[in-house]
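Colleague: The structure under discussion is supplied below as structure tokens; questions concerning it will follow.
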Amino acid sequence: MDHIFRAPKGTRDILWPDSARWRSLVDVFADVVSSAGYLEVIPPMFEHVEVFQRLGEATDVVRKEMYSFEDRGGRQIALRPEQTASVVRAFAQHRPVVPWKAWYAGPNFRYERAQKGRYRQFDQVGVEVLGPEDAHVDAEVIALAWRFYERLGLRRVTLAVNSLGSPGDRARYVEALRAHFSADLDSLSEESRTTLAVNPLRVLDSSREADADLVAAAPSMLDHLSDDAEAHFGRVTDALDALGVPFTVSPHLVRGLDYYVRTTFEFVAEALDAAQDAVGGGGRYDGLAEDLGAPATPGVGFALGVDRTLLACDAEGVFDAPTSVIDVFVVDTTGGERAVVLTDDLRRAGLRADRAWDGRSMKAQMKAADRSGAAMAVIVGEDELAAGTVAVRDLRGDGGQETVALDSMIDILRARLR
RNA sequence: GUGACCGUAGCUCAGUUCGGUUAGAGCACCUGGUUGUGGUCCAGGAAGUCGGGGGUUCAAAUCCCCUCGGUCACCCCA
């Protein structure tokens, strides 16, 4: 071999047991949201590029992180950088009856420099609710994410919530921010001065030392809320209190996608020592459906990062991967044909069974049996073949073994595996 | 896109400072000790373009340049 191919930059292979843990995380999520009546939606992984441009021309996701290309039919296509736009596009296309409560799981793609917790292909699980404007939907959505983290066993996740107000409030607040930062432009970092010109809200996100004082002194969004927006936000926080979901109000919480209005929220894993510690986030996007061609329909939802959530589980030492993948290992020293039939019999009886290949020695097959994690071995040698029996051996403990008739093999294994 | 650090068996790493036989170890893997029995132990084996290319030199894993990749951080976000 003169050349080894590698997974492309920013992507990686998820091998067992990580893959098993990954799958079971998605299973837990599906269980949590199904309990609340959410139905799965599986949108395509790419869309017409215009769908994602609705995320906001000023966002980095659209400006420099999109995997876009022209297909052979001359269509401008982009791999999805997130799924909310796809799901809302699907809503606009199919017009399901509202309230439409959907959940999803799958990969997204952003062209970025990879680092811990940030990859070019990254998976998210999430929900979207289209239709109701009720603040209690915001609370339900937030609480579902919270219960999901609880089910995983995570204890050190914190929830920050904020309101960006109605679109009009948001515009007035942006002006107030622009005035605040412009007044003291010299003490702002160079990067933030650039950000200020493009999107003043995002300056609040700066983690640079130089900006700390000015950001701390910035006006609060909460002082710029209309009465309606303030009432909506109050109903959200009251409901979270009633649910016993702890949160902090973070007036400077801004999120990177321009479609958010009113409620926004973010989950941070305190246990993660990485820079990328936001494990999930979401908010309300009342204008998005209309932008994508549907009648004006309010929406709210969240996306949780699968990769980062699992990193957080590592950091907290919770949600361990399963260990054993099979129950019974078949050892056959008579040529292997008995093993062909026996593994099939075992599998049809509902037992997980595997075997060794290539006619290896009994010792090698027993090593393989041990390594497989199987609790029991079924052994066939010339004697058993002639007698129509098998040896059933306990691979745990002291390895007791008995010779049994073929007819009773399944029953005995079931009893031993219990 | 910017910066820092790092690339030696499948994995974790010695060796690089100060160039010098055939590049080592542990784990994992294979075979045997045990021609019908795993785990522990013992013996042996296989496994490396020293990330790649170029340069300096009698001689390069080691020095220089370029490049690719990885990690982390900035940015941004899940």
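Colleague: State whether the residues of region A:140-155 include one that is buried (at least 17 other Cβ atoms within 10 Å of the Cβ), at pLDDT 95 or above, of a type in the set (Gly, Ala, Ser) and within 16 Å of RNA strand B (Cβ to nearest atom).
Modeller: Among the residues of region A:140-155, at least one is buried (at least 17 other Cβ atoms within 10 Å of the Cβ), at pLDDT 95 or above, of a type in the set (Gly, Ala, Ser) and within 16 Å of RNA strand B (Cβ to nearest atom), which makes the answer yes.
Colleague: Taking the conditions exactly as written (out of contact with any strand residue (DSSP E or B) (no Cβ under 9 Å at 6 or more places or on another chain), within 29 Å of residue A:241 (Cα to Cα), within 11 Å of RNA strand B (Cβ to nearest atom) and not assigned by TED's automatic domain parsing to the domain that holds residue A:133), does residue A:211 satisfy them or not?
Modeller: So residue A:211 does not fit the description; no.
Colleague: Checking the structure you have, find out if any residue of region A:50-58 is in contact with a Gly (Cβ under 9 Å, 6 or more places away or on another chain) and away from RNA strand B (no atom under 15 Å from the Cβ).
Modeller: no
Colleague: Since residue A:92 meets every condition but one in (1) out of contact with any Leu (no Cβ under 8 Å at 6 or more places or on another chain); (2) at pLDDT 95 or above; (3) part of a helix (DSSP H, G or I), which condition does it not meet?
Modeller: Of the numbered conditions (1) out of contact with any Leu (no Cβ under 8 Å at 6 or more places or on another chain); (2) at pLDDT 95 or above; (3) part of a helix (DSSP H, G or I), the odd one out for residue A:92 is (1).
Colleague: Please specify each residue of region A:63-76 satisfying the condition of being more than 10 Å from RNA strand B (Cβ to nearest atom) and under 14 Å from residue A:110 (Cα atoms).
Modeller: A:66, A:67, A:68, A:69
Colleague: Let me ask something else. Quick test for you: out of A:393, A:308, A:347, A:338, pick the one residue that is assigned by TED's automatic domain parsing to the domain that holds residue A:23 and among the basic types (Lys, Arg).
Modeller: Checking each option against the conditions leaves just A:308.
Colleague: Name the single residue, out of those in region A:271-311 being part of a loop (DSSP other than H, G, I, E, B), in contact (Cβ under 8 Å) with a residue 60 or more places away in the chain and within 14 Å of RNA strand B (Cβ to nearest atom), that is farthest from residue A:107 (Cα to Cα).
Modeller: Step by step, filter region A:271-311, then rank; the result is A:271.
Colleague: Here are some conditions: (1) open to solvent by less than 20 Å² (accessible area, probe 1.4 Å); (2) in the same structural domain as residue A:48 (by TED's automatic domain parsing); (3) within 12 Å of RNA strand B (Cβ to nearest atom); (4) not acidic (Asp, Glu). Residue A:268 meets all but one. Which one does it not meet?
Modeller: Of (1) open to solvent by less than 20 Å² (accessible area, probe 1.4 Å); (2) in the same structural domain as residue A:48 (by TED's automatic domain parsing); (3) within 12 Å of RNA strand B (Cβ to nearest atom); (4) not acidic (Asp, Glu), only one is false for residue A:268: (1).
Colleague: For region A:2-70, give me every one of the helices (runs of 4 or more DSSP H) that falls completely inside it and has 3 or more residues that are in contact (Cβ under 8 Å) with a residue 40 or more places away in the chain and not assigned by TED's automatic domain parsing to the domain that holds residue A:195.
Modeller: Passing ranges, in order: A:18-34.
Colleague: Only helices (runs of 4 or more DSSP H) wholly contained in region A:312-418 count here; list those with 3 or more residues that are closer than 28 Å to residue A:17 by Cα, open to solvent by less than 30 Å² (accessible area, probe 1.4 Å) and within 10 Å of RNA strand B (Cβ to nearest atom).
Modeller: A:362-372
Colleague: Then there is this: Return the residues of region A:40-88 that are of a type in the set (Val, Ile, Thr), at pLDDT 90 or above and open to solvent by less than 70 Å² (accessible area, probe 1.4 Å); say none if nothing qualifies.
Modeller: The answer is A:41, A:49, A:51, A:77, A:84, A:87, A:88.
Colleague: Are there any pairs, at least 6 apart or on different chains, whose C-beta atoms fall under 8 Å, with the first in region A:112-126 and open to solvent by 30 Å² or more (accessible area, probe 1.4 Å) and more than 6 Å from RNA strand B (Cβ to nearest atom) and the second of a type outside the set (A, V, I, L, M) and not in a loop (DSSP other than H, G, I, E, B), and if so, which?
Modeller: From residues that are open to solvent by 30 Å² or more (accessible area, probe 1.4 Å) and more than 6 Å from RNA strand B (Cβ to nearest atom), the pairs are A:121/A:107; A:121/A:108; A:121/A:109.
Colleague: Still on this structure, I have one more. Within region A:112-130, count every residue that is assigned to a loop (DSSP other than H, G, I, E, B) and at pLDDT below 90.
Modeller: The total comes to 5.
The values are calculated or read from the model by the stated rules, or taken from the named source; none is laboratory data. This one's a predicted model, so the numbers in the text were calculated from it and none came from an experiment. Please note: Cβ atoms are built from the backbone with ideal geometry, for glycine as well, and neighbour counts cover all protein chains shown. The protein model used for the area step is the full one, side chains on, heavy atoms only, and it has no ligands, DNA or RNA in it. Shrake-Rupley method; radii C 1.70, N 1.55, O 1.52, S 1.80 Å.
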